[in-house]
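The values are calculated or read from the model by the stated rules, or taken from the named source; none is laboratory data. What you see is a predicted model; the values in this text were computed from it and never measured. All Cβ positions, even for glycine, are placed from backbone atoms using ideal geometry, and neighbour counts span all protein chains on display.
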């Protein structure tokens, strides 16, 4: 009897450097597991489903995001008008190391066996955010589509975080 082998998982990483903000300033923004919609572009909704934010096992519902393949592959179809959504479960978190891992446990974008690790790394003039992922090949996607989705999303997240921290610093200095 022949064994059917699954194709290898796609693995990738995006990273972005933030000039100015320290890792200790950026980490609280990322560790708010139920607050992803404040930072991730096109994400309309991020709601708690179960558990307490930041506690392993908690689950968030994320919806309303656009992916690089929405227009490319689904234009003119019913799928093109469908709202993208996922449920994501926090697997682990280490506040001292400023890192957490989560998986997608349900959704309609075809991410099966998806696991990500997000880490904030201190640097001399700020910090860096690393977002590593692995996932089974996604129907209708190419690995570079996923790299683009995560990389461009992380870039916008970093910009929004720097802006929010700058505004906070300005507000504090006015007081």
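Could you check how many residues of the stretch 28-71 are out of contact with any strand residue (DSSP E or B) (no Cβ under 8 Å at 6 or more places or on another chain), at pLDDT 95 or above and farther than 21 Å from residue 127 by Cα?
1
So residue 84 clears everything in (1) at pLDDT 95 or above; (2) within 18 Å of residue 154 (Cβ to Cβ) except one condition, right? Which one?
Failing condition for residue 84: (1).
Got a sec? Which of 169, 97, 128, 134 is farther than 21 Å from residue 48 by Cβ and either assigned to a helix (DSSP H, G or I) or modelled with pLDDT under 95 (or both)?
Within the list 169, 97, 128, 134, the selection yields 169.
Consider residue 21 carefully, then state whether it is touching a residue at least 24 places away in the same chain (Cβ under 8 Å), surrounded by 16 or more Cβ atoms within 10 Å (Cβ to Cβ), in contact with a strand residue (DSSP E or B) (Cβ under 7 Å, 6 or more places away or on another chain) and part of a loop (DSSP other than H, G, I, E, B).
yes
When the stretch 100-125 is examined, which residues are found to be outside any loop (DSSP other than H, G, I, E, B) and closer than 23 Å to residue 49 by Cβ?
Listed by number, the residues that qualify are 100, 101, 102, 103, 104, 105, 106, 107, 115, 116, 117, 118.
Being at pLDDT below 95, more than 12 Å from the chain's Cα centre (by Cα) and surrounded by fewer than 16 Cβ atoms within 10 Å (Cβ to Cβ) is the requirement here; does residue 144 meet it?
Yes; evaluated as a whole, the condition is true for this residue.
Go through (1) modelled with pLDDT of 95 or more; (2) more than 25 Å from residue 58 (Cβ to Cβ); (3) not in a strand (DSSP E or B) for residue 158 and report which single condition fails.
That leaves (2) as the condition not met.
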